[in-house]
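The values are calculated or read from the model by the stated rules, or taken from the named source; none is laboratory data. Just so it is clear, the model here is predicted, and its values are computed rather than measured. Virtual Cβ from ideal backbone geometry, glycine too; neighbours counted across all protein chains shown.
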Amino acid sequence: MDSALATLLATKLGERLLLPVRQRFDETEIRVSIAHATETLRILHDDPILEFEMLIDLCGVDTGEEMQVVYHLSSSRSSDWLRLIVPGLERNAPRIASATSIWPGAEWMEREAYDMFGIIFEGNRDLRRIYMPDDYRSFPLRKDFYLADDASRSPAAGVRNMERAGTPQDATPATALRRTTGA
Amino acid sequence: MPQQTRPSLDDPRISIPAGSEWYEPAPTPQTERQAEFLTLKDGEMFVNMGPQHPSTHGVLRVVIKIDGEKVVDLDPVLGYLHRGVEKLCENADYHQAICYTDPLEYVSSLFCEAAPVAAFEKLMEVDVPRRAQYIRVLTMELNRIASHTLFQGWMALDLGGLTPILWSFIERDEIVDMLAALTGQKLLYNYYRIGGVNGDLNHEFMSRLGTWMSRAAAQIDSNLGLINENELFVRRTRGLGVLDAKTALRMGVTGPNLRSTGVPYDLRRDRPYLVYPELEFDIPTRTEGDSLARYLVRIDEIKQSIRIIDQVLHEMPDGPVMAKLPRLIRPRPGRAFGAVEGPRGVYGTYAISDGTDQPFRMRIHDPSFVHLQLVGPLTRGNLIADTMAVMASLDPVMGGVDK
């Protein structure tokens, strides 16, 4: 646990932090709002004392009520992993600014988060499906997407065709992109 | 009767009618980057490589835009091996989730297990017994050697040398058999458990390891003579696909690919886990950043791994190999990130617990996925045959890329 990093982050980021810095084992966790996400990443990357040069991981999280984007950063100046959580993305239209202007390597990880959760990263030049076929309409890692053998948990009591890749008959283009198949 | 002539494929009048079952409309670009890729300039054409291609190390499809023999641009198409491991893990309990991660990088599956196990142990706040930590280091380093020797053979194979792969399989087979004697499986070991390992070292493993260790260094060195002194190999890889440190950091590169650019970033040193802080070893780095450097860094790592195994065998304490834990793992709600340094880079797992016996979210980060992004930038302007050399030197494994 790097307590110097906690005070440093608190002074550098100030009121951008939604919650106080949390630390556990070798992890430091901070939360910022969507509006401050890119700015915070830029400070963490560019600041000569913080110097978080490496983006180890970028992923989406669906909590069931909202979407989150989680960044794991690493710096040679600290022995802690820095976890930046950006909470509060709306589940029906999750949007956030892309990190590709700072780390071009985030492009595919953002594509994956789009493919799995439908999160739109504004500014990513190549935001399209990466694992699933282009005509696939669902977002598999969302919590309202049930596995076929897990159908007893579904609100429709088990009638759900997860492999149906086409657009549902009653869906408008806008809803088809945002809803899981048959949801 | 008019004379029947065989139609030539070069005939511009030949086209598949729109009603035919073979008709496939031209793809419509969905993004800015794809539109740029699909626009052909004069003299350019597309060539498809894969998904079944011996040089792509699995089922990867690459669409290459070429001008003559030169690669202008390329677009990897992923997903042929996508199994949805993250979703499966969310629907399995913590013990079951570990065995789902095994087939990710089938070449070095112990590392894929080690990352989620590290995250789950943080969630459970459990201390791993020291003997189990030593056993983990021992088996992981063996697996690293197995992976790197296979890489060495693969790389030569992709450049057209057929012999080295046969030689490198001698070492790999011996290590695989050794680990099979220990874990009961040849490829997907499923050996690590939350809080320890599944079973102590047995006699067969130890005797095989002892015999192998006595000749390992000499054997691997003699294999290297086949490749390292081969002028064709060296001239085809030196100066090819040069990556500089700044680009590597911005692209999220880790592991030997990053160390070949001169950045000595290794989790075993920078974020010490298990008993690595007590062991003596060097972090091999190179500054050239080309395909040859990426190859040589891995060769140096094999030697360091043998050094680590030697120390582990001398210092391994007695004791239990499993911590005392309830059979049903139910961590308190929380978040944890576990990461290990694998043969390809940082394997990470971000696990969220909601207090039940299943992970609420389990994110698996695989280094091959990030490294595959580099194939495009590194091969631009090179010959098609060099695409294989660059791809082989980045050493991606498609099982991990596609998850």
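The table below gives the values:
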item: Enumerated strands (runs of 3 or more DSSP E) restricted to the stretch A:1-71, each holding at least 3 residues that are at pLDDT 85 or above and over 17 Å from the mean Cα position of the chain (by Cα); result: A:22-24
item: Number of positions in the stretch A:100-135 that are assigned to a loop (DSSP other than H, G, I, E, B) and either more than 10 Å from every other protein chain (Cβ to nearest Cβ) or more than 29 Å from B:ARG269 (Cβ to Cβ) (or both); result: 17
item: In the stretch B:262-305, the residues that are on the phi > 0 side of the Ramachandran plot and either touching a His at 6+ places or on another chain (Cβ under 6 Å) or among the charged types (D, E, K, R) (or both); result: none
item: Residues that are more than 15 Å from the chain's Cα centre (by Cα) and of a type in the set (Ser, Thr, Tyr), drawn from the stretch B:130-178; result: B:TYR134, B:THR139, B:THR163, B:SER168
item: Selection count where residues are closer than 30 Å to B:LEU325 by Cβ and either crowded, with 21+ Cβ neighbours inside 10 Å or not aliphatic (A, V, I, L, M) (or both), scope the stretch B:157-200; result: 20
item: Subset of the stretch B:305-351 that is acidic (Asp, Glu) and either within 28 Å of the chain's Cα centre (by Cα) or more than 24 Å from B:GLY210 (Cα to Cα) (or both) - its residue that is farthest from the other protein chains (Cβ to nearest Cβ); result: B:ASP310
item: Residue count for the stretch B:258-280, restricted to those that are under 19 Å from B:SER147 (Cα atoms), of a type outside the set (Lys, Arg) and in contact with a helix residue (DSSP H, G or I) (Cβ under 6 Å, 6 or more places away or on another chain); result: 2
item: Residue within the stretch B:287-305 that is of a type outside the set (Val, Ile, Thr) and exposed (fewer than 15 other Cβ atoms within 10 Å of the Cβ) present; result: no
item: Residue within the stretch A:39-53 that is in contact with a helix residue (DSSP H, G or I) (Cβ under 7 Å, 6 or more places away or on another chain), under 24 Å from B:ASP366 (Cβ atoms), in contact (Cβ under 8 Å) with a residue 24 or more places away in the chain and crowded, with 20+ Cβ neighbours inside 10 Å present; result: yes
item: Among (1) away from chain A (no Cβ under 14 Å); (2) of a type outside the set (Lys, Arg); (3) not in a loop (DSSP other than H, G, I, E, B), the one test that B:GLY241 misses; result: (3)
item: Subset of the stretch B:201-246 [charged (D, E, K, R), farther than 15 Å from B:PHE169 by Cα and loosely packed, with under 15 Cβ neighbours inside 10 Å]; result: B:GLU204, B:ARG215, B:GLU229, B:GLU231, B:ARG235, B:ARG238, B:ASP244, B:LYS246
item: Residue count for the stretch B:101-139, restricted to those that are under 25 Å from B:VAL401 (Cα atoms), at pLDDT 90 or above and aromatic (Phe, Trp, Tyr); result: 2
item: Residues satisfying the stated conditions in the stretch B:268-281, i.e. of a type in the set (Asp, Glu), out of contact with any Asp or Glu (no Cβ under 8 Å at 6 or more places or on another chain) and more than 9 Å from chain A (Cβ to nearest Cβ); result: B:GLU280
item: First in the stretch A:70-96 and at positive phi, second anywhere and assigned to a strand (DSSP E or B), Cβ under 9 Å, 6 or more apart; result: A:GLY88/A:MET67; A:GLY88/A:GLN68
item: Leading residue by the ranking (farthest from the other protein chains (Cβ to nearest Cβ)) among those in the stretch B:85-102 that are touching a helix residue (DSSP H, G or I) at 6+ places or on another chain (Cβ under 9 Å) and not in a helix (DSSP H, G or I); result: B:ASP102
